[in-house]
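Enquirer: Below you will find the structure I want to go over with you.
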Amino acid sequence: MAIITLTTDLGSKDFYQAALKGSILSILPTANIVDVTHEVPSFNISYAAFVLKNVYPYFPKGTVHLIGIDSVFSENTKYIALKHHDHYFVGADNGIFSLLFEEKPEEIVELNIMQDLKYLHFPLVDIFVKAAVHLSKGAKLKDIGVPTDNIEQRMLLNPVIERDIIRGSVIYIDTFCNVITNITKDLFTKIQRNRDFTLYFRKSETITQLSWHYNEVPEGEKLCLFGISNHLEIAINKGKASGLLGLHLSDIVRVEFHP
């Protein structure tokens, strides 16, 4: 059964999400539609890229990932489909793919599917759906688009390294209000070199020890650990770290390593 995942900023209040699913099922009634999330902040492609990057490897090869972020019609934006690690991705070429992958995708096409004027303002339910369904049926990328080597480039805000200090920032807050930073486990380990550290945030707040799991500290106590995303997280056991610690997206965190 064909699997099509959906990652959008459509939310759940309006009819847009249902219209998208209905469009897929109208063409492919047997489609297995999986919601990754529809709660991406409007037009926030870096947020969406982080979510999808941590999700897609868990799906079977051949899965089609439809991305509906900042996808409204624009004469200056092209729509593309690509193949990466035997997964297929469909979306607007607005920079999200340069944030999603660390290396160049294996194959990229600019979609040449005819736009139905009735859906000109909402290509997500038209061009994107048709491309996703074609690919889920086993079509080749060359069947739905023209090969291209170029995709829009965007840059992530990377941590700043100053000798024994890593300055990072908050890039994601999950449903449990765990605060995820842009400091990866590989970077942390590289700079740490088995030394002690102090994690600073919100002026006087500090953490000096890595935990292996959330229940390693008493309920209500703060901790830091590397979660499933392999990014440094700040959490509170059975608590809402973001609200209780006053941490928000883009806030600065600092890790200092001691001799």
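Enquirer: Report, to the nearest whole %, how much of the accessible area of the chain belongs to carbon and sulfur atoms, 1.4 Å probe, protein only. Before the final figure, lay out the partial values.
Expert: On the way: 7130 of 13810 Å².
C and S fraction of accessible area: 52 percent.
Enquirer: Highest mean first, what order results for 223-230, 43-50 on Cβ atoms within 10 Å?
Expert: Working: 223-230: 17.2, 43-50: 20.5.
Put in order of decreasing packing, that is 43-50, 223-230.
Enquirer: Another question, if that's okay. Please state the charge dipole magnitude for the chain, taken about the Cα centre, from unit charges on C-beta atoms (+1 on K and R, -1 on D and E), reported in debye and rounded to the nearest 20.
Expert: Using only the charged Cβ atoms, the result is roughly 220 debye.
Enquirer: Something else about it: State in Å² the accessible area per residue of the chain; use a 1.4 Å probe, count heavy atoms of protein chains only, and round to the nearest integer.
Expert: Here the per-residue accessible area is 53 Å².
Enquirer: Let me ask something else. What is the distance in Å between the Cα centroid of the range 118-167 and that of the range 196-259?
Expert: The range 118-167 and the range 196-259 have Cα centres spaced 32 Å from each other.
Enquirer: Given Cα pairs under 8 Å that are at least 6 residues apart, what percent is the relative contact order of the chain?
Expert: Relative contact order comes out at 15 percent.
Enquirer: Right, another one. Could you sort PHE122, PHE197 by their accessible area in this structure, using a 1.4 Å probe and putting the largest first?
Expert: Details: PHE122 40, PHE197 15 Å².
Listed by decreasing accessible area, they come as PHE122, PHE197.
Enquirer: Add -39500 (n - 2.57) for each DSSP H run of 4 or more in the chain, then divide by its residues: what number comes out at 222 nm, to the nearest 500 deg cm²/dmol?
Expert: Details: 6 runs with 49 residues, N = 259.
My calculation for the chain gives -5000 deg cm²/dmol from helical runs alone.
Enquirer: Shifting gears a bit: So between ASN158 and ASP174, what do we pick up on full extension, going 0.36 nm a residue minus the alpha carbon distance? Let's see the in-between values first.
Expert: Numbers: separation 16, 0.36 × 16 = 5.76 nm, distance 2.00 nm.
Going from the current span to full extension adds 3.8 nm.
Enquirer: Please list, short to long, the whole-number percent of alpha-carbon pairs of the range 160-257 in consecutive 10 angstrom bins beginning at zero.
Expert: 17, 56, 26, 2
Enquirer: Can you pull the one-decimal nm distance between simple spin-label points at GLU107 and THR30, each 7 Å off the Cα toward Cβ?
Expert: That separation, rounded to one decimal, is 2.2 nm.
Enquirer: Of LEU124, LEU156, LEU99, which is the most mobile in a GNM of the chain whose springs link Cα atoms less than 10 angstrom apart?
Expert: Per the Cα network of the chain with a 10 Å cutoff, LEU156 tops the list.
Enquirer: If the label point is 7 Å along Cα→Cβ of HIS258, which residues in the range 176-200 have backbone nitrogen under 12 Å from it?
Expert: Taking a point 7 Å out along Cα→Cβ of HIS258, the residues of the range 176-200 whose backbone N falls under 12 Å are 195-199.
Enquirer: While we're here: Please report the orientation-averaged projected area of the chain, defined via the convex hull of its C-alpha atoms, in nm².
Expert: Numbers: hull surface 61.8 nm².
Over all viewing directions, the chain projects a mean Cα-hull area of 15.5 nm².
Enquirer: So, one more: Less than 18 Å apart at the alpha-carbon level, and either on another chain or at least 8 residues along: which lysines does that give for LYS203?
Expert: Cα-Cα hits under 18 Å: LYS222.
Enquirer: Moving on to the next point. So which of LYS61/LYS240; LYS21/LYS83; LYS61/LYS137; LYS53/LYS190; LYS53/LYS104; LYS83/LYS130 end up more than 24 Å apart, counting from Cα to Cα?
Expert: Violating the 24 Å Cα-Cα cut-off are LYS61/LYS240.
The values are calculated or read from the model by the stated rules, or taken from the named source; none is laboratory data. This one's a predicted model, so the numbers in the text were calculated from it and none came from an experiment. Virtual Cβ from ideal backbone geometry, glycine too; neighbours counted across all protein chains shown. Protein only, heavy atoms only, side chains kept; ligands, DNA and RNA dropped before computing areas. Shrake-Rupley method; radii C 1.70, N 1.55, O 1.52, S 1.80 Å.
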